[in-house]
Structure formats: structure tokens, C-alpha cells
Amino acid sequence: MATPSTVSLITPTGLSYQQPTGLFINNQFVGGLNGRTIDVINPATEEKICSVSEARENDVDRAVAAARKALNGPWKLATPTERSQYLYKLVTLMEESLEKLAAVESMDNGKPINSARGDIGEAIGCLRYYAGWADKIEGRVIDTSPQHFNYTRREPIGVCGQIIPWNFPLMMWAWKIGPAIACGNTVVIKTAEMTPLSALVAAELIMQAGFPPGVINIITGYGDIAGSALSRHMDVDKVAFTGSTAVGRKILKDAANSNLKKVTLELGGKSPNIVFNDANLDQAVRWIHNGVFSNMGQNCCAGSRIYVQSGIYDVFVQKLKEHVQQLVIGPPEDEKTTHGAQVSKTQLERILGYVESGKKAGARVETGGKRVDRPGCFMEPTIFSGVSSDMEIVREEIFGPVGVIAKFETVDEIVEASNDTTYGLASGIHTENLKTAIEMANKIKAGTVWVNQYNGVHWQLPFGGFKQSGIGRELGEEALFNYTQTKTVSVNLGIPVV
Ligand code: NAD
């Protein structure tokens, strides 16, 4: 029998399960205090899947109070080894539920089932990595004189508000909770309104893993209501946000106007992806393709500004077009599908708006350029050529399967073009010449430079943005510095006051 805060569902892959629909506070699923709900839509069919509770300001208060109580209670007493064990247990449970989590993610987000499996695997890998860190967070002894004993402690920051986007729902969830929990914080995490389902399924695993109530709270709600309540909250010590640069600005202001909570931001990008004459052509075509179209282009680090050196430009464009046309567009649950639905009708319309803007500005559509003629939010993979640096499609993050391609001649020219952006999240360089690769890597202003690959994100490697692509780094050891604060203790061993 389903409790009122769960609903029986069958995923498009044919799996029957109970979907929690409440807010997850204090290890319980509860309805929102105002009784409001959000409809969750399957973007591949545009049909409603279910409704989930909508958190309002008073629900955020409840979740923050639960996180505070846990922080000052059982979580404070948990040893680093215990924190590690809770995370490892969660990892094991997620591995056992991988197929279910992937099926839910694919249904909710529109991504192909095979990609969803990959994403859940990434989430698991990330949590396992931070489980390993929990008992290795150490301070230092710093010698200033024989009469002093100085040491540093790395203490948790406290209650962390975390706000995530819809493009990689459970992966972003893992990137956020992994380091926060490893470091001894408690969290209130708000999922994106369009994709709340997988995190609620994972909430059941949190209970099974035995985390004390209130350590991880998950709320579903709208950004300008629940998200903003979290970033303005006077009892939240830190806010970690992944999403658009426009909302990132609001979060920073909310933090400044409330209690000056610590802020980390992972924001948008418009990343250059550069192919030199001496690149391995077939490999470069595949990596560029991956850089622009993976996750239907809904990828913060999408390498969607493609620059190709003049000696191979024509043959490259031809080969890329052939490769793009091999994408299998279809229902996300079909094992053969490699290109699923965009996350929502709104997002699809936004992408189509950019395509129109490109056409109006005089860019040439090499392939794609239309909505796919079938039900659901499907967009043709699209490449524009004949672009200039002032066009919207070259400057703005489209967050859809749209790449722009331009020709270049020299290293100096391409360095300038690459850095001619307010963003600085990622970049790709394709060349067989090590000197060119290193010179470019040094000159590009971006948080990540991929050489002869793209999208090589790994939980061991720091990830984040230069310029307006963000503040702070996620993943790797660096993320731990976002979730601890250093306390310096200096002990006088006997020097009298003068
Ligand atoms: P978004 O900024 O609209 O929303 C992201 C999250 O913020 C959602 O949970 C939303 O509810 C919430 N939000 C919205 N308004 C808010 C407000 N006023 N206060 C607090 N929270 C608010 O972004 P999106 O459309 O969900 O995601 C796409 C964007 O995310 C793209 O710009 C993409 O580049 C970026 N992104 C960045 C990374 C990264 O690591 N740098 C990763 C994934 C996505």
C-alpha cells in the first residue's frame, strides 16, 4: 500500500516502483505545509508523470531547522570513520538500485537510458570518492617558535543549502552532498523543479543507509521561492549553487543581503573547442561531436564554439555533418537511442529561438535547425557555419544541441577568439603537436582544458569556472576546501605578557 507521499509508477522501461513525492525532512517524506504541488512532466511524451510537494518558505525553515538540529546533535558526534561508512553504505545501495535510478532519471529528464546509466555510475563514483576522503581531512602543525604550539583544524562550515539544475539531476546531487557530508556538514538540497524524482528515490536509500535524521534533507520547489528562501536564510551557513549565471548573481546578492553565508557557484559556459590542421581527424570529429551533442547539448561545459584551422576546415565540416546525422533520435527508453528529448517544452522553445536568431543574423545551417517531427520535446542536432563573433548564437549559452563552427588560421588569432567571452568554464584542443597543446592550455582562460578529448570530467579532478562561469571548485580534493573552514589554534607554552 502506498503511503500518501508515494505514488505507484511504471517507468517507460517497464519497471514498477513506488515514487516518493513528499519533501524529505528529518528522514521522513512529508507534504508541503501549504499543500501545494508541482506537476512533473515526461519531456519525451509531454505527459504528466506525477506531482511532488512544493516547498515554500516555511518548509525551507523546517528543513533548515532539521539540518541544524542534526548538526548540533548526532552528526557532531559521528566520527570521520562513521561518516565514511554512511557514505559507503549509500554507495552500495545506489549500486543495487542503479537500474531503477537510471530508469527514473531517463523518464524525468528525457535522456537516453544508456546515458542515464552512465550518469548514475558517475554519481556513485563521486560519492565513493568522498566516502574515502571523510577520514582524511586533516589540519597542520605550524612551527613559529619554540614557545608556541600552533595547529589548524578543518571544521565543517555547518548547515549547507545546495541548489542544483536539471541537466544531470542525480550526478549534481552527488557532487553536492558527497563533499559536504564527508566534511561533517548537514545539508538541505533543493532539486530543480523539472527533475525532482531521482533524488527522492535516493532519499529512501539515505534512510536505509542509516544516516541520522536531518543530516540530508531534500526539498522540491521553485527557484525563486524555495531556492531563494534557502539562499536568503539566516540560519544557513553556506550556499552551493549550480545553474545559470543569471541566477548565480541573485544567489550572491541574497547571501550578501542576509547573513553573508559562504557561496560557491558553478555556472554556465560557452566553451571553445579547437581543431588544428595536425589533429587526428577522425578522433577530433568524434570528440567535437561528443562535446556539442552529449546530453542533447544541455551541458554546462558543452564545447559548442567549434573552431577549425583552415587547412582541414572543409573536410572537417563534411565529416562532422556525416557523424551528426548518425545520431539515433528516439524514445529515451529505447536502448538504441543516442539522442533523447530536451528537458522541457520551454527549453525546446528557447533553443528554437536561438536557431531563428542565428538564421536571421545570416548564419548557415549545415545540418538540423528544426524541432523533430514527432511528439515530445525533440530537437534536431544543429550546426551553424558562416558565423561571426557578434552573433547571439556565438556569444550566448544555448543549452541545447546547437554548435557554431568557424575557421581560423593562427595560434594568436584562435587564442583571442577563444577568450572573447564572459565565460570560462571549459575548452577543448585537438592537435598532435604537444607544444601547440601546452601553449594553448596555458593561454586559454578556462577552468578546464581538455586535450584530444572532451567532457572528460572525473570526480578526482577539480571542476569549475574562470570569469563569470563560477566561484570555487567542485570535485577533487579542492571541493573539500569549500566545505571546511580553517581554525587556527595558537598555544603559548610559557612566554609572559610584556
Ligand atoms: P537555473 O539557474 O535556472 O536553475 C538552477 C537551479 O536554481 C534550479 O534548482 C532552480 O530552481 C534554482 N533557482 C532558480 N532561480 C533561483 C533563485 N532566484 N534563487 C535560488 N535558486 C534559484 O539553471 P537551469 O536552467 O536549471 O540549468 C541550466 C544552467 O545550469 C546552465 O546555465 C548551465 O550552464 C548551468 N550548469 C552549470 C554547471 C557547472 O557545473 N558549471 C553544471 C550544470 C549546469
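The values are calculated or read from the model by the stated rules, or taken from the named source; none is laboratory data. Note that the coordinates shown come from a computational prediction; the quantities given were computed from them, not determined experimentally. Please note: Cβ atoms are built from the backbone with ideal geometry, for glycine as well, and neighbour counts cover all protein chains shown.
At-a-glance table
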{"item": "In the stretch 477-498, residue nearest to Gly243 (Cα to Cα) [restricted to those that are surrounded by fewer than 18 Cβ atoms within 10 Å (Cβ to Cβ) and among the small types (Gly, Ala, Ser)]", "result": "Ser490"}
{"item": "Subset tally (residues that are surrounded by fewer than 19 Cβ atoms within 10 Å (Cβ to Cβ) and of a type in the set (A, V, I, L, M, F, W, C)) for the stretch 347-389", "result": "4"}
{"item": "The stretch 279-306 residues that are more than 22 Å from Gln468 (Cβ to Cβ), paired with ones that are β-branched (Val, Ile, Thr) and within 16 Å of the ligand (Cβ to nearest atom) (beta carbon under 9 Å, 6 or more apart)", "result": "Met296/Val343"}
{"item": "Residue within the stretch 182-191 that is touching an Asp or Glu at 6+ places or on another chain (Cβ under 8 Å), under 23 Å from Gly121 (Cα atoms) and within 16 Å of the ligand (Cβ to nearest atom) present", "result": "no"}
{"item": "Single residue of the stretch 297-314 satisfying the filter (β-branched (Val, Ile, Thr) and in a strand (DSSP E or B)) that is nearest to the ligand (Cβ to nearest atom)", "result": "Ile306"}
{"item": "Qualifying residue in the stretch 484-498 (condition: touching a helix residue (DSSP H, G or I) at 6+ places or on another chain (Cβ under 8 Å), outside the structural domain of Cys183 (by TED's automatic domain parsing), outside any helix (DSSP H, G or I) and not small (Gly, Ala, Ser))", "result": "no"}
{"item": "3 or more residues out of contact with any helix residue (DSSP H, G or I) (no Cβ under 8 Å at 6 or more places or on another chain): qualifying helices (runs of 4 or more DSSP H) within the stretch 326-442", "result": "345-360, 411-419"}
{"item": "Some residue of the stretch 252-270 being over 30 Å from Asp235 (Cβ atoms), hydroxyl-bearing (Ser, Thr, Tyr) and buried (at least 18 other Cβ atoms within 10 Å of the Cβ)", "result": "no"}
{"item": "Identity of the residue in the stretch 151-177, of a type outside the set (A, V, I, L, M, F, W, C) and within 14 Å of the ligand (Cβ to nearest atom), that ends up farthest from the chain's Cα centre (by Cα)", "result": "Gly161"}
{"item": "Number of positions in the stretch 346-401 that are within 16 Å of the ligand (Cβ to nearest atom) and free of Cβ contacts under 8 Å to residues at least 12 places away in the same chain", "result": "3"}
{"item": "Residue in the stretch 225-281 that is nearest to Arg473 (Cα to Cα), counting only those that are β-branched (Val, Ile, Thr) and near the ligand (Cβ under 10 Å from one of its atoms)", "result": "Thr242"}
{"item": "Selection from the stretch 253-263 of residues that are in contact (Cβ under 8 Å) with a residue 40 or more places away in the chain and outside any strand (DSSP E or B)", "result": "Lys261"}
{"item": "Checklist (1) more than 27 Å from Met296 (Cα to Cα); (2) surrounded by fewer than 18 Cβ atoms within 10 Å (Cβ to Cβ) applied to Glu54, failing item", "result": "(2)"}
{"item": "Residue match in the stretch 435-447 (condition: surrounded by 15 or more Cβ atoms within 10 Å (Cβ to Cβ) and within 13 Å of the ligand (Cβ to nearest atom))", "result": "yes"}
{"item": "Residue ID - surrounded by the fewest Cβ atoms within 10 Å (Cβ to Cβ), chosen from residues in the stretch 190-207 that are in contact with a helix residue (DSSP H, G or I) (Cβ under 6 Å, 6 or more places away or on another chain) and closer than 17 Å to Ile25 by Cβ", "result": "Leu205"}
{"item": "Residues that are of a type outside the set (Phe, Trp, Tyr) and either within 14 Å of Pro272 (Cα to Cα) or surrounded by 18 or more Cβ atoms within 10 Å (Cβ to Cβ) (or both), drawn from the stretch 455-470", "result": "Asn455, Val457, Gly464, Gly465, Gln468, Ser469, Gly470"}
{"item": "Lone qualifier among Asp108, Asp61 - being surrounded by 24 or more Cβ atoms within 10 Å (Cβ to Cβ) and under 30 Å from Ser228 (Cβ atoms)", "result": "Asp108"}
{"item": "The stretch 57-72 residues that are among the β-branched types (Val, Ile, Thr), paired with ones that are surrounded by fewer than 18 Cβ atoms within 10 Å (Cβ to Cβ) (beta carbon under 8 Å, 6 or more apart)", "result": "Val64/Asp235"}
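Condition check ((1) closer than 21 Å to Asp108 by Cα; (2) touching a Phe, Trp or Tyr at 6+ places or on another chain (Cβ under 7 Å); (3) acidic (Asp, Glu); (4) assigned by TED's automatic domain parsing to the domain that holds Val355) across all residues:
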residue	(1), (2), (3), (4)
Val365	no, yes, no, yes
Lys370	no, no, no, yes
Gly376	yes, no, no, yes
Glu380	yes, no, yes, yes
Gly386	no, no, no, yes
Val394	no, no, no, yes
Pro401	yes, yes, no, yes
Ala406	no, yes, no, yes
Glu409	no, no, yes, yes
